[in-house]
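What follows is a short report on a single structure.
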Amino acid sequence: MFSRSSSHGGSLVLTGYFPGLLSGILLTVILAAAPVGAADREFQVGNSHIELHSDERIAAASDSIWEDWIGTAAESLVNVGGRFPESHLEVHLHASRERNPVAFGRVRRSDPVQVHLYVHPQARLESLLDDWRGFHEFAHLLLPFAGNDDIWFAEGLAAYYQHLLQVRAGVIDADEAWRRMFAGFQRGLDDPSGREQTLRELINPAGM
Ligand SMILES: [Zn+2]
């Protein structure tokens with residue numbers, strides 16, 4: 001289904017996680033970024049060109065699960081928006097020490113736009129697809145960067161669409177999507193740190 005070629009790159013990112021907001025909100029701070037080489041694998045989704053760049057531990061896992069995972073997430077986005085929102089996208093896969101199949105991710109609004117995902121090198125395709133985090137980052141591509149003041153809106157929209165994309169990809173059914181969304185709302189309601197605050201205040205405590 002997809003074609004291949006070779007190489008890799010890497011970068012270091014710190015993430016702050018705000019439990020309880022919708023199904024999870026990631027605020028990322030870039031500490032350093034190493035230059036990246038040619039893509040390991042390249043494929044088309046609709047008219048869009050997607051490059052996969054993997055660090056060594058992931059590139060060493062020779063099966064096709066990474067492109068199957070990314071290809072599925074990208075195609076689910078076409079299913080929602082009618083077309084893939086970027087004509088050229090780089091996806092950077094970094095090995096994570098966390099137990100989760102996907103530890104976290106972020107979108108970098110460079111040219112071309114980059115999606116960075118921190119993954120368990122031995123993750124199975126089924127668990128990568130079941131994890132919301134990959135779909136969440138792809139959902140961010142539905143909107144241009146809204147600016148830091150409006151990050152609450154961008155994160156809320158991505159937190160909604162991550163489930164919709166999983167349904168469109170056939171990974172979960174609609175009932176499960178609603179269950180996960182409701183559980184996210186409930187975590188927010190149960191989290192005392194957000195009492196009396198709007199989403200905007202909670203996510204951007206400096207007050208803009
Ligand atoms: Zn996000």
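Return the residue satisfying two criteria in turn: it lies in region 93-107 and is in contact (Cβ under 8 Å) with a residue 24 or more places away in the chain and more than 16 Å from the ligand (Cβ to nearest atom), and of such residues it is surrounded by the most Cβ atoms within 10 Å (Cβ to Cβ).
Here the residue is Leu93.
Exactly one of these conditions fails for Phe185: (1) over 19 Å from Phe104 (Cβ atoms); (2) free of Cβ contacts under 8 Å to residues at least 60 places away in the same chain. Give me its number.
(2)
Among the residues of region 190-204, what is the count of those that are in a helix (DSSP H, G or I) and either crowded, with 16+ Cβ neighbours inside 10 Å or in contact (Cβ under 8 Å) with a residue 24 or more places away in the chain (or both)?
Here is the first cut: in region 190-204, the ones in a helix (DSSP H, G or I) are 190, 192-194, 199-203.
Right, trim to either crowded, with 16+ Cβ neighbours inside 10 Å or in contact (Cβ under 8 Å) with a residue 24 or more places away in the chain (or both) and you get 190, 193-194, 199-200, 202-203.
So the answer is 7.
Go through Ala139, Ala146, Ala154 for me and flag whichever is within 15 Å of the ligand (Cβ to nearest atom), buried (at least 21 other Cβ atoms within 10 Å of the Cβ), farther than 17 Å from Ile70 by Cα and not acidic (Asp, Glu).
Result of the check over Ala139, Ala146, Ala154: Ala154.
Just so you know, all these numbers are worked out from the coordinates, no wet-lab data involved. Treat the numbers as computed from the prediction; the structure is a model and nothing was measured. With ideal geometry, Cβ positions are generated from the backbone for all residues, glycine too; neighbour counts draw on all protein chains shown.
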